[in-house]
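Enquirer: Have a look at the structure that comes next, please.
The values are calculated or read from the model by the stated rules, or taken from the named source; none is laboratory data. Everything quoted here is computed from the prediction, not taken from an experiment. Here the Cβ positions follow ideal geometry from the backbone for every residue, glycine too, while neighbour counts run over all protein chains shown. For accessibility, only protein heavy atoms count, side chains too; no ligands or nucleic acids. Shrake-Rupley method; radii C 1.70, N 1.55, O 1.52, S 1.80 Å.
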Number of protein chains: 2
Amino acid sequence: MGEGPHVESTAEIPKNCFSLDSLAGAYWKGSEKNKMLQRVYGLAFESQEALKDFKVKRKMAMERDHRKLNIDQHYFVIDEEVGKGLPLWFPNGTVIREELEKLAKEQEFLDGYERVSTPHITRENLYHTSGHLPYYADSMFPPMEVDGEKMFLKPMNCPHHHLIYRSQPRSYRELPLRLAEYGTCYRYEQSGELAGLLRVRGLTMNDAHIYCTAEQVKEEFIRVMQLHLRYYELFGLENFWMRLSLAESDGAKYFNEPEVWARAEALVIEAMDEVGIPYESVRGEAAFYGPKIDFQVSNVIGREETASTNQLDLVMAERFGLTYRDQESVERAPMIIHRAPLGTHERFCAFLIEHYGGVFPSWLAPVQVRIIPVASAFFDYAEKLEKELKSRFIRSQVDLSTDSFGKKIRNGAVSKVPNLLILGEQETSEGSVTWQRYGTKERIKLGFDTFLTQFEAEIRNRSDWRITAN
Amino acid sequence: MGEGPHVESTAEIPKNCFSLDSLAGAYWKGSEKNKMLQRVYGLAFESQEALKDFKVKRKMAMERDHRKLNIDQHYFVIDEEVGKGLPLWFPNGTVIREELEKLAKEQEFLDGYERVSTPHITRENLYHTSGHLPYYADSMFPPMEVDGEKMFLKPMNCPHHHLIYRSQPRSYRELPLRLAEYGTCYRYEQSGELAGLLRVRGLTMNDAHIYCTAEQVKEEFIRVMQLHLRYYELFGLENFWMRLSLAESDGAKYFNEPEVWARAEALVIEAMDEVGIPYESVRGEAAFYGPKIDFQVSNVIGREETASTNQLDLVMAERFGLTYRDQESVERAPMIIHRAPLGTHERFCAFLIEHYGGVFPSWLAPVQVRIIPVASAFFDYAEKLEKELKSRFIRSQVDLSTDSFGKKIRNGAVSKVPNLLILGEQETSEGSVTWQRYGTKERIKLGFDTFLTQFEAEIRNRSDWRITAN
C-alpha cells in the first residue's frame, strides 16, 4: 500500500467497514528527542464482510501461531546456547516430523523412489562444480579448514545425489532413477529474518531427484503433481494453485540450447494442463537451470505458503558429467527433476500446527489417545488398556491424577489430544470404552476390541475424523 | 609377537602345524638401493586344528570383508569429492540403515523412550560447558566463524539432549526420562585411520540418554542390558561379553563425592550380576564421569567389536545445571545413563554385512524377493505378483531378462536376494509360487496368498529362516 494517508478524509470510509483497532506510543518523526505521541491503529475494508473476515482470520492466526501453540504443546525449542535458527525438536515435534517422513517414505516407495543417505558436509570443490560457489556463498555457512582445504555444510542435497548417480555407469534401463532423502541442509539466513520454524538455518528437506530421459519428463512431472494432490487431499488443503516460472522469450539467456529449453517448457506446460491444477505462468522468472513450478497453498487461517518448489534441470547433468547409455549405446545427459512436495520439516510442521490449531488427526498426533478413568477404582483397567495400546505402537497416556472428572476432561482439551477414552464402572465391567473426540460433545461407548479395530484402521488410512468417515 | 625370529630353527615347528602362505618382493633392509629379495610368508600354529581354523576364518573374513562385498552389492561409496571418511549411502545400504533405525524406534517405544531431533552444529560454549573443549578438540572438526563466533559440528549428541532436558522444569514424576535420537555426529579421525565403514568421520549413533534418580539407576541399567540381549538374539549373535571399567581404588580422582561414585559402581555391578551376561571388570579405566560398560561381540568370522558403550554419568547433570524436584520439592541432580546398543550405523552395518556375508534375513535385506519367470509367457503373472508385493511394501524385483532359467537362478544367487519366487506354467495356472531360499536347493510350491501370509509374518517378526522357524 505504501505510505499513507490512503484517503483524503476518513469520511470517505463507510462507517460499517471501519474499526478502531489498537493504540501505541510513538515519537514524533521517530526520534526519541521529540515528544511522545499517541498512535491510533484502525482497520478499513471495502465491505463489512471483508472487515469481519479479516478480524476472524487474524484472531485465528494469532491463536494458532505455531510459536504461541508451542508454549504449551512443546514441539521445539530454539536455544541460544545452540544457535539462532537451529531448533531442537522435543518428543511432540519429533513425532510429527517422523510421521511425515514415514508418509513420504511410503508414498515414494509406491511411486518407485529409492532412498539414499548423504553426509552434511563436503569439500569445497563440489559447490564450484554445481555453481553454488561463489554466487550462493552468502547463503551458505562459512567453511571449516580441514586437512588444509575448505569444507562446507551442505545448503542443498542435489550435488550429493548427483554423485550417487555418477558412481556407476547408467543405462536407459535404469531410468527414471528416483533418489529420495529427507536431508538436513544448513543455510545462513540473516538473523533478522529468522522466525520460529518458518525461517531457520537448519532445514530438513523432503528432497528427491528424478533422473530421466526427455521422453519421460512429462510423465514424471505428472506423477510429481499427483503426489502433491494426494498430500493435499490427506491434509484437507483445498486452496492451492501453481506458479510456473518460465524463461524470458526463449531460454537463450539461461542455456545454450534454446530448442531444448523450449521443448522442456512445452513438456512441463503439457503436464500441468493434463493434471488440471490451476496455475499462473510468469515469463522471465525461471531459475538459470530450467523452468520451475511453485505450489502455493493457503491453510485454514489464510496463510499462503510456497509449500514446495519443483524444478526441471537441464544444466546440472552436464556440469556433473552425468550420462546414461541409450538403446543405441549412445551416451546422453539425463534431465533432472528436483522436487520436494512436503517442503522442509520446519516450514511444513509450522504450517500444519497452524492449519490444525494443534489438534492433529490421530495418525499425526504426538499423543493419540488419553485414557481417563473417572475414579481410582478404574486405574487398573486404565493401565491395562494403556499397556495394550502401547504394545500396538499407539501413542497413549493415562490420567492417573486425583482431579475431578470435569477437570480431567478439561485437561484433555487443553492437551489437544484428539481422542479421549473415558472409563467408569460400566466400561470396566464390560471391557468397553467411551470414546470422545476433541472439540465434540458426543460420546460413544463401544467394546475395547471394536475401538481397537476402528482406531487402527483410522491410523493406517491416515483418516481425519473431521473430514472423512472411517 | 614383536620382531622375529620367533624360533631358533623352523625344525622346532611340527610339520602339520605349519604352512607356506604367500610370496612378496622386498628390498634388503628396506632400501630400494639394495638388492630385491624374495620374502616367503608362512603360518605356524600350536596345533593342526588351530592352523586350519585360522585359514577357514581368514578366508571367510576376506570373502566377507564389507568393502569387498560392497563392490557388487552397492551399499555405499566414499567419494573423494565429498571427503574422506564420509560415506554416501546407496539405496541398498540405506535400506539397512533405515530398517535398523525402525527396529530401534520400535524397541525403544516399547521401553518408554521418547524421540528427539537436534541440529548438527552448535555454538562453541556448549562444549566448554560439557568439558569437551579444549580437551577433545583434536577429535572435533575445526570451527566455522559465524556471526563473529565459533560454531562446531557436534561430535556427540549428549549436550543437545541435556539442553532439551533443561528446557523445562522437571519433576520426579517425569523420571526416568529417556530421550533417544539416531543422531549424526562428526569426528575428525586421522585420515590414516579411516577404513571403509569401520572408521569414519561422519557417524550416526543409536543414541539415548536416560535421566533418572539414584533409586532408578539399577533397574534402568538392567533394561538397557536386556535390550542388548534382545538385539543379539535377533541377529543370532551368541558370542558376547561385557567389560566393566571402574575407577582406580575409589572415584576421588574423578569426582568429588567418592561415596556417590562407590554407590554408583555397586549399583552397576548389582545390575550386571542380575542380568547374568559374563563380564570382566577393569579398575582404573572409567571415564572421568562415571563407570562404563562396553559390550564386546564377535561375529561369525571371529571379528571382535566393541559393539556398544554404556556409561553411567555422575558429572554432567551438575555441569549443565540439570535438576528435578523430588517428592519433598527438593532440587536434585539426576543421574544420566548414556547408551547406544546398536552403536553407529556405520560400524554396525559393516559388522552385519560381514556377519551375514551380504545375505540378510528377509526383514533387513535391501531386496527381499526376486521373482523369476522361467519364460516370457509368465512375465505378466510375474509383474502382477511384483505389483502386489510392492503395494504391501515388500521390496521386490522381477527378472524379465531373456536369460536361461539356470542363469536367472545363478544371477539370483549372485545378487544375494534371500528369497527367489520361481514362476512357470503350473504356478501361473494355479496362482502359486515356487519359493527357494538363498543358498538352499529346496523348492517349495505354495499358493501366493499362503506365501504372502507366511512371508509378512516372517518380516513382522524379524525372523531369520536360517536360525528360527517361522
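Enquirer: Just checking, how many residues over the stretch B:288-298 are crowded, with 22+ Cβ neighbours inside 10 Å and over 16 Å from B:Glu248 (Cα atoms)?
Expert: Selection size over the stretch B:288-298: 2.
Enquirer: A:Phe221 versus (1) hydrophobic (A, V, I, L, M, F, W, C); (2) in contact with a Lys or Arg (Cβ under 7 Å, 6 or more places away or on another chain); (3) open to solvent by less than 10 Å² (accessible area, probe 1.4 Å): which is the lone unmet condition?
Expert: (2)
Enquirer: Against the condition farther than 29 Å from B:Pro278 by Cα and at pLDDT 95 or above, how does B:Ile210 come out, does it pass? It would help to see each step written out before you state the result.
Expert: On the way: farther than 29 Å from B:Pro278 by Cα: no; at pLDDT 95 or above: yes.
Spelling it out, it is not the case that B:Ile210 is farther than 29 Å from B:Pro278 by Cα and at pLDDT 95 or above.
Enquirer: In the stretch A:414-447, which residues are assigned to a loop (DSSP other than H, G, I, E, B), of a type in the set (Gly, Ala, Ser) and either in contact with an Asp or Glu (Cβ under 6 Å, 6 or more places away or on another chain) or open to solvent by 70 Å² or more (accessible area, probe 1.4 Å) (or both)? Give the steps one after another, and end with the answer.
Expert: As a first pass, look at the stretch A:414-447 and keep what is assigned to a loop (DSSP other than H, G, I, E, B): A:416-418, A:424, A:431, A:438-442.
Checking the rest, the ones that are also of a type in the set (Gly, Ala, Ser) come to A:424, A:431, A:439.
Answer for the stretch A:414-447, where residues must be assigned to a loop (DSSP other than H, G, I, E, B), of a type in the set (Gly, Ala, Ser) and either in contact with an Asp or Glu (Cβ under 6 Å, 6 or more places away or on another chain) or open to solvent by 70 Å² or more (accessible area, probe 1.4 Å) (or both): just A:Gly439.
Enquirer: OK, next. Just checking, how many residues over the stretch B:126-139 are surrounded by 16 or more Cβ atoms within 10 Å (Cβ to Cβ) and in a helix (DSSP H, G or I)?
Expert: Just the residues of the stretch B:126-139 that are surrounded by 16 or more Cβ atoms within 10 Å (Cβ to Cβ), to begin with: B:126-127, B:129-130, B:132-133.
Still in the list and also in a helix (DSSP H, G or I): B:126-127, B:129-130.
Summing the residues that are surrounded by 16 or more Cβ atoms within 10 Å (Cβ to Cβ) and in a helix (DSSP H, G or I) in the stretch B:126-139 gives 4.
Enquirer: From the set of residues in the stretch B:80-125 that are facing chain A (nearest Cβ under 8 Å) and of a type in the set (A, V, I, L, M), which is nearest to the chain's Cα centre (by Cα)?
Expert: That would be B:Val95.
A quick yes/no check of all residues on (1) of a type in the set (Val, Ile, Thr); (2) surrounded by 11 or more Cβ atoms within 10 Å (Cβ to Cβ); (3) assigned to a loop (DSSP other than H, G, I, E, B):
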position: A:Ser22; (1), (2), (3): no, no, no
position: A:Ala26; (1), (2), (3): no, yes, no
position: A:Gly42; (1), (2), (3): no, yes, no
position: A:Glu46; (1), (2), (3): no, no, yes
position: A:Asp53; (1), (2), (3): no, yes, no
position: A:Arg58; (1), (2), (3): no, yes, no
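Enquirer: Sticking with this one: Among the residues of the stretch B:37-79, which ones are polar (S, T, N, Q) and within 14 Å of chain A (Cβ to nearest Cβ)?
Expert: B:Asn70, B:Gln73, listed by residue number.
Enquirer: Which condition number in (1) aromatic (Phe, Trp, Tyr); (2) within 16 Å of B:Gln311 (Cβ to Cβ); (3) more than 24 Å from the chain's Cα centre (by Cα) is the one that B:Phe221 fails?
Expert: Only one criterion in (1) aromatic (Phe, Trp, Tyr); (2) within 16 Å of B:Gln311 (Cβ to Cβ); (3) more than 24 Å from the chain's Cα centre (by Cα) is unmet by B:Phe221, namely (3).
Enquirer: Determine whether the stretch A:80-94 contains at least one residue that is basic (Lys, Arg) and either outside any loop (DSSP other than H, G, I, E, B) or under 29 Å from A:Arg395 (Cα atoms) (or both).
Expert: Initial filter on the stretch A:80-94 (basic (Lys, Arg)): A:84.
Retained after the next criterion (residues that are either outside any loop (DSSP other than H, G, I, E, B) or under 29 Å from A:Arg395 (Cα atoms) (or both)): none.
No, that holds for no residue.
Enquirer: Being more than 27 Å from A:Thr204 (Cβ to Cβ) and out of contact with any helix residue (DSSP H, G or I) (no Cβ under 7 Å at 6 or more places or on another chain): is that true of B:Glu145 here? Don't jump to the end; show me each part of the working.
Expert: Values: more than 27 Å from A:Thr204 (Cβ to Cβ): no; out of contact with any helix residue (DSSP H, G or I) (no Cβ under 7 Å at 6 or more places or on another chain): yes.
Judged against the criteria, B:Glu145 is not a match.
Enquirer: Can I ask one more? Go over the candidates A:Glu285, A:Glu259, A:Glu248 one by one and state the one that is at pLDDT below 90, open to solvent by 50 Å² or more (accessible area, probe 1.4 Å) and closer than 19 Å to A:Gly131 by Cα.
Expert: Details: A:Glu259 fails: closer than 19 Å to A:Gly131 by Cα; A:Glu248 fails: closer than 19 Å to A:Gly131 by Cα.
Among A:Glu285, A:Glu259, A:Glu248, only A:Glu285 is at pLDDT below 90, open to solvent by 50 Å² or more (accessible area, probe 1.4 Å) and closer than 19 Å to A:Gly131 by Cα.
Enquirer: Is it fair to say B:His209 is within 25 Å of B:Tyr165 (Cβ to Cβ) and within 17 Å of the chain's Cα centre (by Cα)?
Expert: On the way: within 25 Å of B:Tyr165 (Cβ to Cβ): yes; within 17 Å of the chain's Cα centre (by Cα): no.
Spelling it out, it is not the case that B:His209 is within 25 Å of B:Tyr165 (Cβ to Cβ) and within 17 Å of the chain's Cα centre (by Cα).
Enquirer: Cβ contacts < 8 Å: first residue facing chain B (nearest Cβ under 7 Å) and over 20 Å from A:Tyr289 (Cα atoms), restricted to the stretch A:127-147; second residue surrounded by 15 or more Cβ atoms within 10 Å (Cβ to Cβ) and among the β-branched types (Val, Ile, Thr), any location; separation 6+ or different chain. Result?
Expert: A:Phe141/B:Ile121; A:Phe141/B:Val146; A:Pro142/B:Val146; A:Met144/A:Ile121
Enquirer: Follow-up question, since we're still on this one. Identify, please: which residue in the stretch A:150-178 is more than 9 Å from every other protein chain (Cβ to nearest Cβ) and surrounded by fewer than 18 Cβ atoms within 10 Å (Cβ to Cβ) and is, among those, farthest from A:Val217 (Cα to Cα)?
Expert: Result: A:Lys150.
Enquirer: What is the one condition in (1) of a type in the set (A, V, I, L, M); (2) under 26 Å from B:His74 (Cα atoms); (3) modelled with pLDDT of 95 or more; (4) open to solvent by 50 Å² or more (accessible area, probe 1.4 Å) that B:Val369 does not satisfy?
Expert: Single failed check for B:Val369: (4).
Enquirer: Turning to a different aspect of this structure: Can you tell me which residues in the stretch A:179-207 are touching a His at 6+ places or on another chain (Cβ under 9 Å), more than 12 Å from every other protein chain (Cβ to nearest Cβ) and assigned to a strand (DSSP E or B)? Before the answer, list the steps.
Expert: The first filter runs over the stretch A:179-207 and keeps only residues touching a His at 6+ places or on another chain (Cβ under 9 Å), leaving A:179-186, A:196-198, A:202-207.
Now drop any that are not more than 12 Å from every other protein chain (Cβ to nearest Cβ), which leaves A:196-198, A:205-207.
Listed by number, the residues that qualify are A:Met205, A:Asn206, A:Asp207.
Enquirer: Is there a residue being modelled with pLDDT of 95 or more, under 26 Å from B:Arg97 (Cα atoms) and open to solvent by 10 Å² or more (accessible area, probe 1.4 Å) anywhere in the stretch B:376-385?
Expert: No, the stretch B:376-385 contains no residue that is modelled with pLDDT of 95 or more, under 26 Å from B:Arg97 (Cα atoms) and open to solvent by 10 Å² or more (accessible area, probe 1.4 Å).
Enquirer: For the list (1) among the β-branched types (Val, Ile, Thr); (2) open to solvent by 80 Å² or more (accessible area, probe 1.4 Å); (3) touching a strand residue (DSSP E or B) at 6+ places or on another chain (Cβ under 8 Å), I need the number of the one condition that A:Ile467 fails.
Expert: The single condition A:Ile467 does not satisfy is (3).
Enquirer: Anything in the stretch A:7-20 that is assigned to a strand (DSSP E or B) and either touching a His at 6+ places or on another chain (Cβ under 7 Å) or loosely packed, with under 10 Cβ neighbours inside 10 Å (or both)? List them, or say none.
Expert: From the stretch A:7-20, those assigned to a strand (DSSP E or B) are A:18-20; that's our starting set.
Scanning the stretch A:7-20 gives a single hit, A:Leu20.
Enquirer: Can I ask one more? What number of residues within the stretch B:386-413 are within 13 Å of chain A (Cβ to nearest Cβ), within 33 Å of the chain's Cα centre (by Cα) and open to solvent by 60 Å² or more (accessible area, probe 1.4 Å)?
Expert: 6
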